[in-house]
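Here the structure comes first, spelled out in structure tokens, and everything after it is commentary.
The values are calculated or read from the model by the stated rules, or taken from the named source; none is laboratory data. Nothing here was measured: the structure is a model prediction, and the numbers come from that model. Don't worry about glycine lacking a Cβ; one is built from the backbone with ideal geometry, like all the others, and counts go over all protein chains shown. All accessible areas refer to the heavy atoms of the entire protein, side chains included, with ligands and DNA or RNA removed. Shrake-Rupley method; radii C 1.70, N 1.55, O 1.52, S 1.80 Å.
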Amino acid sequence: MLFRSIYHSLQLRAERRWSGGFSMQTSFVWSKSLDDSDSIIQGLFDSVGAQNEANLRLERGPSFFNVPRRFTMNFAYDLPLGRGHRLLASSRAGAVLASGWTASATGVMQDGTPENSFYFFSDPANTDTPNRPNLVAGQSISLPAGQRTLAQWFNTAAFSDPALYTFGNAGRDLLPTPSNKVFSLAVNRVFSLGEKRSLNFRGEFFNVFNHPDLGIPGNNKDFGPAFGAIETVGNPRQVQLSLRLSF
């Protein structure tokens, strides 16, 4: 069996180093990936198999991993604490504790990946394959940002049940999912304790802005109210502190 895929993208990258110990790197990808199968191993979301195994051309659609837009950034900065600060300079201990700190951060903002809509329990076409629903003419699948809720992330009225013993006409991977925004920060300081010993302190703040990254909406029309609803969320802010003694 032959599967086909195609991928196009525009990729931009910028990198800059400044004096004073500050460096930054950013990248942006604008892309589109199309295929007619996600994987040869069937799963519950990314590869449930073809609706009509005799016509794989009807399976052509966005790839499950397709991310139309993705922006990433990272930076590192040698903090200027302890350099010329009068209050700190007046205290030798204060200057030692304040100097030598490094901060770094990473950030990712990206569109959501598409999701496949199919019946989990029902089999309208009586083919023992994952049947898809019909599209309702004149109804948009995506909802305006102001109308999206956790109970209905996309327009469920855009889908209807097909007649018995017929395939639904909805394409593969049409459902929109939430975007992701994750920023993490870290601070680091190495204290010298002589020629052979050092103490490394590191503080890490994952999802530092505590942004709620929503999970994927329910994609099975025969799940009733769960169809189109989001019931999961990503990890909240997490703080991790560590000390490592090297000798």
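Taking the criterion of being outside any loop (DSSP other than H, G, I, E, B) and farther than 30 Å from Leu79 by Cβ, the residues of segment 135-187 that qualify are Leu135, Ala145, Gly146, Gln147, Thr156, Ala157, Ala158, Phe159, Ser160, Leu175. Taken residue by residue, segment 144-166 has at least one member that is of a type outside the set (Phe, Trp, Tyr) and closer than 30 Å to Gln240 by Cβ.
Got a sec? Which of Pro176, Pro212 is closer than 20 Å to Gly49 by Cα, under 14 Å from the mean Cα position of the chain (by Cα) and open to solvent by 20 Å² or more (accessible area, probe 1.4 Å)? Outline the logic, then answer.
On the way: Pro212 fails: closer than 20 Å to Gly49 by Cα.
Just a single option satisfies the conditions, and that option is Pro176.
With the structure loaded, tell me whether Thr156 is open to solvent by 50 Å² or more (accessible area, probe 1.4 Å), closer than 23 Å to Gly61 by Cβ and of a type in the set (Ser, Thr, Tyr) or whether it fails that test. No; evaluated as a whole, the condition is false for this residue. For segment 206-247, the set of residues classified as in contact with a Lys or Arg (Cβ under 8 Å, 6 or more places away or on another chain) and at positive phi consists of Asn207, Asn210, listed by residue number.
Does Pro212 satisfy the condition of being at pLDDT 95 or above, part of a loop (DSSP other than H, G, I, E, B) and in contact with a strand residue (DSSP E or B) (Cβ under 6 Å, 6 or more places away or on another chain)? So Pro212 does not fit the description; no. When Gly94, Gly100, Gly82 are checked against the criterion of being assigned to a loop (DSSP other than H, G, I, E, B), within 24 Å of Val187 (Cβ to Cβ), of a type in the set (Gly, Ala, Ser) and modelled with pLDDT under 70, Gly82 stands alone in meeting it.
Could you grab me the full set of residues in segment 25-51 that are open to solvent by less than 40 Å² (accessible area, probe 1.4 Å), modelled with pLDDT of 80 or more and either part of a loop (DSSP other than H, G, I, E, B) or among the charged types (D, E, K, R) (or both)?
Step one: of segment 25-51, the residues open to solvent by less than 40 Å² (accessible area, probe 1.4 Å) are 26-27, 29, 31, 33, 35-37, 43, 47-51.
Going one step further and asking which of them are modelled with pLDDT of 80 or more, we end up with 26-27, 29, 31, 33, 35-37, 48-51.
The answer is Asp35, Asp36, Ser37, Val48, Gly49, Ala50, Gln51.
Within segment 193-204, identify whether any single residue is more than 18 Å from the chain's Cα centre (by Cα) and surrounded by 17 or more Cβ atoms within 10 Å (Cβ to Cβ), and answer yes or no. No; the residues of segment 193-204 include none that is more than 18 Å from the chain's Cα centre (by Cα) and surrounded by 17 or more Cβ atoms within 10 Å (Cβ to Cβ).
Does Asn131 count as open to solvent by less than 20 Å² (accessible area, probe 1.4 Å) and outside any strand (DSSP E or B)? Let's see the steps before the verdict.
Working: open to solvent by less than 20 Å² (accessible area, probe 1.4 Å): yes; outside any strand (DSSP E or B): yes.
Yes; evaluated as a whole, the condition is true for this residue.
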